[in-house]
Amino acid sequence: MALRRLISLAVACALTMAVAAPAHARSAPKKPYCVTHKCIALTFDDGPADYAETLLKILKKYKAKATFFVIGNRVKKHPKITANIAKAGHEIGNHTWDHKYLTELSYEDIYHEIRDTQRIIKKATGKTPVLFRAPGGLTDEDVETATAKFGLIQVPGTVATQDFIPDYRDVEFLTTRALDIAGRDEVVLMHETVKQTVQSLPTVLKELTKQGYHFVTVSKLLEGQKLIPGQIYPEEPLLSDG
């Protein structure tokens, strides 16, 4: 009997301690992925285009996720490719309907450029974008207001391979450039419309993988941050993408 009472008492004490333990002691909040991993976000503008499927195969081989800032009229022309990008686990962002410089447009035109692109991407993928990149990186108060209305954050990028410059469209140059500008938490701006960029990627991905990088979407990179629609992230953006 005495032994039974001792066992019952021990069980009761253990249950009491479990109930009394604070929640944070039982399960600490999980840190955002890129806090504990060396992340980089590769982004590709102006598609979907001719090299998109090849690009998807390369990214898959190196288990890399990326973000595609697509143009609305090209999504309308290539809905299946757009859907394939999303199905592969990549993120799709809004890059306006026809790549006009928004700072030269009225607010109404800016609104329509963004709205129509949101709709066509949702139709092709079933998902509504949360990221926006202004053509040329050109933005102002009207762009901020319009993007905020759609719940979009602006992502100009932090570094670029400068593949938008015709004289730089050389595989060796773009490979070296991508490796030189790579850094933890950088958002790298490239163009899927540039054949040499796509050709440079296997070497770039292979080398950066050796350096311990994890290739993530922009939303994954920004995970854990309080994001305000209409505002620019990360905090040190590019001024222009050409």
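The values are calculated or read from the model by the stated rules, or taken from the named source; none is laboratory data. The shown structure was predicted, so the numbers you read here are calculated from the model rather than taken from an experiment. Glycine gets a Cβ as well: all are built from the backbone with ideal geometry, and neighbour counts include every protein chain shown. Side chains included, ligands, DNA and RNA excluded: accessible areas come from the protein's heavy atoms. Shrake-Rupley method; radii C 1.70, N 1.55, O 1.52, S 1.80 Å.
At a glance:
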item	result
Yes/no for Tyr33 being out of contact with any Ser or Thr (no Cβ under 9 Å at 6 or more places or on another chain), of a type in the set (Phe, Trp, Tyr) and open to solvent by 10 Å² or more (accessible area, probe 1.4 Å)	yes
Total residues in the range 202-215, condition open to solvent by less than 10 Å² (accessible area, probe 1.4 Å) and either farther than 18 Å from Thr54 by Cα or of a type in the set (Phe, Trp, Tyr) (or both)	1
Which numbered condition Asp50 misses (of (1) surrounded by fewer than 16 Cβ atoms within 10 Å (Cβ to Cβ); (2) touching a residue at least 60 places away in the same chain (Cβ under 8 Å); (3) in contact with a Ser or Thr (Cβ under 8 Å, 6 or more places away or on another chain); (4) under 21 Å from Thr217 (Cβ atoms))	(4)
Restricting the range 74-98 to residues that are under 15 Å from Ser219 (Cβ atoms) and in a helix (DSSP H, G or I), the residue that is most open to solvent (accessible area, probe 1.4 Å)	Ala86
Filtered residues of the range 40-99 (kept if among the hydroxyl-bearing types (Ser, Thr, Tyr) and over 27 Å from Lys149 (Cβ atoms))	Tyr51, Thr54, Tyr62
Matching residues in the range 211-227 - criterion: being more than 15 Å from Arg184 (Cβ to Cβ) and part of a helix (DSSP H, G or I)	Ser219
Selection status of Lys57, in contact (Cβ under 8 Å) with a residue 24 or more places away in the chain and either open to solvent by 70 Å² or more (accessible area, probe 1.4 Å) or out of contact with any Lys or Arg (no Cβ under 7 Å at 6 or more places or on another chain) (or both)	no
Ala148 vs. criteria small (Gly, Ala, Ser) and within 15 Å of the chain's Cα centre (by Cα)	no
Matching residues, the range 166-183, being among the charged types (D, E, K, R), part of a helix (DSSP H, G or I) and over 21 Å from the mean Cα position of the chain (by Cα)	Asp167, Glu172
Scan of the range 114-143 for residues that are open to solvent by less than 40 Å² (accessible area, probe 1.4 Å) and more than 20 Å from Lys80 (Cα to Cα), ordered by number	Ile114, Leu131, Phe132, Arg133, Ala134, Pro135, Gly136, Gly137, Val143
All positions within the range 44-71 that are among the hydrophobic types (A, V, I, L, M, F, W, C), in a helix (DSSP H, G or I) and farther than 25 Å from Arg115 by Cα	Leu55, Leu56, Ile58, Leu59
Scan of the range 177-201 for residues that are open to solvent by 40 Å² or more (accessible area, probe 1.4 Å), of a type outside the set (Lys, Arg) and touching a residue at least 60 places away in the same chain (Cβ under 8 Å), ordered by number	Asp185, Glu186, Thr193
Residue list for the range 149-176, filter: free of Cβ contacts under 8 Å to residues at least 60 places away in the same chain, open to solvent by 50 Å² or more (accessible area, probe 1.4 Å) and among the polar types (S, T, N, Q)	Thr176
